[in-house]
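The values are calculated or read from the model by the stated rules, or taken from the named source; none is laboratory data. This structure is a prediction, so every number in the text was calculated from the model and none was measured. Note that each Cβ is placed from the backbone with ideal geometry, even for glycine, and that neighbours are counted across all protein chains shown. These area figures cover heavy atoms from the full protein model, side chains too; ligands, DNA and RNA do not enter into them. Shrake-Rupley method; radii C 1.70, N 1.55, O 1.52, S 1.80 Å.
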Amino acid sequence: MSANVYPVSNDIAKGALIDKAKYDAMYKQSVEDPEGFWGEHGKRIDWIKPFTKVKNVSFDAKDLYIKWYEDGTLNVAANCLDRHLAKRGDQTAIIFEGDDPSVSEHITYKDLHERVCRFANALKSMGVGKGDRVVIYLPMIPAAAVSMLACARIGAIHSIVFGGFSPEALAGRVEDCGAKVVITSDEGLRGGRGVPLKRNADEALSHPGVKSVEKLVVVKHTGKDIAWNDARDVWYHEVCEAASPDCPPTEVNAEDPLFVLYTSGSTGKPKGVLHTSGGYLVYASMTHQYVFDYHEGDIYWCTADVGWVTGHSYIVYGPLANGATTLMFEGVPSYPDASRFWQVCEKHKVNIFYTAPTAIRALMREGESFVNKADLSSLRILGSVGEPINPEAWEWYHEHVGKRNCPIVDTWWQTETGGILITPLPGATDLKPGSATLPFFGVEPALLDNEGKELTGATDGNLVIKDSWPGQMRTVYGDHERFIQTYFSTFANVYTTGDGARRDEDGYYWITGRVDDVINVSGHRMGTAEVESALVAHSKVAEAAVVGVPHDIKGQGIYAYVTLNAGEEPTDELRAELVKWVRKEIGPIASPDYIQWSPGLPKTRSGKIMRRILRKIAANEYDQLGDTSTLADPGVVDDLIENRQNRK
Ligand code: WTA
């Protein structure tokens, strides 16, 4: 833990939406009278039929329900577009900054509205209606936001699959949600290199399990030659041109689904996290406004990809619901060089900048000269998300990017939570580097011991949330039982986050990382079970165990212990082949950093793999293995230590 404290600066506090006194008063009201609080703040969005009920929630695993604003109706796209037209039709809604630094585009609210209406009509003409699923597999280009909002406009449920995922991973998600339409582009572009999205989509759709897809919509992006299936494929620009720009928004219930987003858990396949419309939009827009102290006219940039939840809530829905100008960046922080982020901040006069610790660490390694090249005087607020930020990276971000003038909001949340739950507010919260600090309005965190007893005071424990907030996920798509099992069964009557945390004497929360078998690689969530099942799917692999290993830039890297089938040779070629195999099965983000050949794995007599031991050996802490007496064959440990891959 870092000892430094950075008090709220007077300059920031003066103009801020929320100061200390206001935070205290609003927080108190939010937890003492959630009905009153969320009833009032529910009005921040436009309802077609106003709600009369606010909250209807039970966290009891035997009788679980989560409903917010349940008798209200609305349209999410109309909230993000139509309601801004009179006042800010000519204001920029989206600034697109291409991978190529010479490419950028400003899209006004009026223009975005028209694009969304046209594409919504095009989707309708393909037979897509309320409740139908549409998979979006696109790069970070405006068509991604247009596609999301077009679905929302007609009540269809979108499911975005990150463009870095492989055809296999895409196929699994398309199959699970039964998508009628898939939207992709000829290619993506990252750091000057093409990513063959259309080819990947073709491969995914040819999977025997994928039977639901009727149309593949293709955005022409790089102009690359691609294969074409006349019966199935349509060009995005052609269907948009042919469609009418007049598309009345479909009225949906507050609890109708808005999107499904697949995320990794500690067991099994990725699960489809389902978010609904009303509560999600209230929560995404409210957190966007207060956490980033968003003021009218601010230029706001979140560097995430729309393939992750951060892109959903804090590139598209939150900012657009607030009538903000949101920047979409197609590229990578290192292209053309390590000053790209800062060049983009200068070029577009960015006021609020939100990124991930892994990017900060990577850029920090390049030295200050890249930051100092750019004029960063427009910056006012900095943000961090995705993993714990180490105090060293925090201090660097604060000093060299923020020039000691910009508060850093370290925002803790999850795909499941829909929006930020624990975070500083710029005008209200004294900062401690490495701490996500205090709960947002309406959020009641608690720390439990392993038996489920609530701990008080300064302590470590399992982080749970005691009551619902409007942005909470409602179910796992197609598997409500799994939802209950995963989040409401470990401890009674609370939402279990899967994270551990420490609370200090000031009540500040310090997230210590996952307590389950989920790892966090460059801010991307990955189930060790997923990587293991990809490895054992290879014909030469008998068994695999995967653990996270500390990594300077990525936060955590992937360390795989692999047992080969009898007669297979453990060669360097095979090692490279397995890395390639995992990239094919899941995607490049799942590439193992280390593969260790393990003739045997440390198992208990009942056959359970002792991952604690594997984590220690991977971390090169083989002298701290603890009790190994319960192992069926303690001898395997010596072999693993001797052949460990991560030697310092
Ligand atoms: C981790 C991303 C520490 C945490 C929004 C969580 C963090 C998981 C932070 C969710 C933070 C996210 N400090 N850890 N500020 N933000 N995490 O679903 O372990 O991709 O459970 O959502 O990332 O990852 P997800």
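Considering only residues in segment 584-601 that are in contact (Cβ under 8 Å) with a residue 60 or more places away in the chain and either assigned to a helix (DSSP H, G or I) or over 30 Å from Gly307 (Cβ atoms) (or both), the one that is least open to solvent (accessible area, probe 1.4 Å) turns out to be Ala590.
Comparison of Pro407, Pro391 shows that the only residue that is buried (at least 21 other Cβ atoms within 10 Å of the Cβ) and of a type outside the set (D, E, K, R) is Pro407. Here the strands (runs of 3 or more DSSP E) wholly within segment 1-113 that include at least 2 residues being of a type in the set (A, V, I, L, M) are 63-68, 92-97. When each of Ser206, Ser244 is tested for being open to solvent by 50 Å² or more (accessible area, probe 1.4 Å) and either within 26 Å of the chain's Cα centre (by Cα) or within 29 Å of Ala590 (Cβ to Cβ) (or both), the lone residue that passes is Ser206.
Condition check ((1) away from the ligand (no atom under 16 Å from the Cβ); (2) buried (at least 22 other Cβ atoms within 10 Å of the Cβ); (3) assigned to a loop (DSSP other than H, G, I, E, B)) across all residues:
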residue: His538; (1), (2), (3): yes, no, yes
residue: Ala544; (1), (2), (3): yes, yes, no
residue: Glu568; (1), (2), (3): yes, no, yes
residue: Leu574; (1), (2), (3): yes, no, no
residue: Leu578; (1), (2), (3): yes, yes, no
residue: Val582; (1), (2), (3): yes, yes, no
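Candidates are the residues of segment 514-531 that are open to solvent by less than 20 Å² (accessible area, probe 1.4 Å) and within 12 Å of the ligand (Cβ to nearest atom); the one that is nearest to Val332 (Cα to Cα) is Val521. Does Ser369 satisfy being in the same structural domain as Gly42 (by the TED database) and either under 25 Å from Ile299 (Cα atoms) or of a type outside the set (Ser, Thr, Tyr) (or both)? The answer is yes for Ser369. Exactly one residue out of Thr490, Thr497 is open to solvent by 10 Å² or more (accessible area, probe 1.4 Å) and farther than 23 Å from Asp593 by Cβ, and it is Thr490. For segment 386-414, the candidate set comprises residues that are in a loop (DSSP other than H, G, I, E, B), within 11 Å of the ligand (Cβ to nearest atom) and of a type in the set (A, V, I, L, M, F, W, C); within that set, the residue that is farthest from the chain's Cα centre (by Cα) is Ile389. The C-beta contact set for segment 602-618 (first residue under 15 Å from Asp516 (Cβ atoms), second residue surrounded by fewer than 11 Cβ atoms within 10 Å (Cβ to Cβ) and of a type outside the set (Val, Ile, Thr), distance under 8 angstrom, 6+ apart or interchain) comprises Arg612/Gly626. Report yes if some residue within segment 377-384 is more than 16 Å from the ligand (Cβ to nearest atom), buried (at least 24 other Cβ atoms within 10 Å of the Cβ) and either under 27 Å from Ala3 (Cβ atoms) or among the β-branched types (Val, Ile, Thr) (or both); otherwise report no. No, every residue in segment 377-384 fails to be more than 16 Å from the ligand (Cβ to nearest atom), buried (at least 24 other Cβ atoms within 10 Å of the Cβ) and either under 27 Å from Ala3 (Cβ atoms) or among the β-branched types (Val, Ile, Thr) (or both).
Kindly evaluate Glu97 against the criterion of being touching a helix residue (DSSP H, G or I) at 6+ places or on another chain (Cβ under 9 Å) and within 30 Å of His480 (Cβ to Cβ). So Glu97 fails the test. For the criterion of being hydrophobic (A, V, I, L, M, F, W, C) and crowded, with 22+ Cβ neighbours inside 10 Å, Val213 fails. In segment 431-467, the residue that is farthest from Pro357 (Cα to Cα) out of those that are in a strand (DSSP E or B) and within 11 Å of the ligand (Cβ to nearest atom) is Leu463.
Taking the criterion of being open to solvent by 10 Å² or more (accessible area, probe 1.4 Å) and within 13 Å of the ligand (Cβ to nearest atom), the only residue of segment 415-430 that qualifies is Thr415. Taking segment 278-364 as the region of interest, none of the helices (runs of 4 or more DSSP H) fully inside it holds 3 or more residues being over 21 Å from the mean Cα position of the chain (by Cα) and in the same structural domain as Ser159 (by the TED database).
Residue pairs whose Cβ atoms lie under 8 Å apart, separated by 6 or more positions or on different chains, with the first residue in segment 364-375 and more than 19 Å from Pro391 (Cβ to Cβ) and the second among the aromatic types (Phe, Trp, Tyr), are Phe370/Trp342; Lys373/Trp342; Ala374/Trp342.
Within segment 546-566, the only residue that satisfies the criterion of being in a loop (DSSP other than H, G, I, E, B) and among the β-branched types (Val, Ile, Thr) is Ile553. When every residue of segment 119-135 is checked against the conditions, at least one turns out to be surrounded by fewer than 18 Cβ atoms within 10 Å (Cβ to Cβ) and touching a Pro at 6+ places or on another chain (Cβ under 8 Å).
The number of residues in segment 439-478 that are touching a helix residue (DSSP H, G or I) at 6+ places or on another chain (Cβ under 9 Å), open to solvent by 40 Å² or more (accessible area, probe 1.4 Å) and more than 18 Å from Phe491 (Cα to Cα) comes to 2. When Val309, Val282 are checked against the criterion of being within 24 Å of Val252 (Cα to Cα), buried (at least 24 other Cβ atoms within 10 Å of the Cβ), within 11 Å of the ligand (Cβ to nearest atom) and not charged (D, E, K, R), Val309 stands alone in meeting it. Say we look at segment 247-271 and pick out the residues that are of a type outside the set (A, V, I, L, M, F, W, C) and over 26 Å from the mean Cα position of the chain (by Cα); which of these is farthest from Tyr487 (Cα to Cα)? Ranking the qualifying residues of segment 247-271, first place goes to Pro248.
Filtering segment 311-362 to residues that are acidic (Asp, Glu) and closer than 23 Å to Trp394 by Cα leaves Asp337, Glu346.
Scanning segment 471-513 for residues that are within 15 Å of the ligand (Cβ to nearest atom) and of a type in the set (Lys, Arg) returns Arg502, Arg503. Among the residues of segment 629-640, is any under 30 Å from Ser384 (Cβ atoms), assigned to a helix (DSSP H, G or I) and not assigned by the TED database to the domain that holds Glu387? Scanning segment 629-640 turns up no residue that is under 30 Å from Ser384 (Cβ atoms), assigned to a helix (DSSP H, G or I) and not assigned by the TED database to the domain that holds Glu387.
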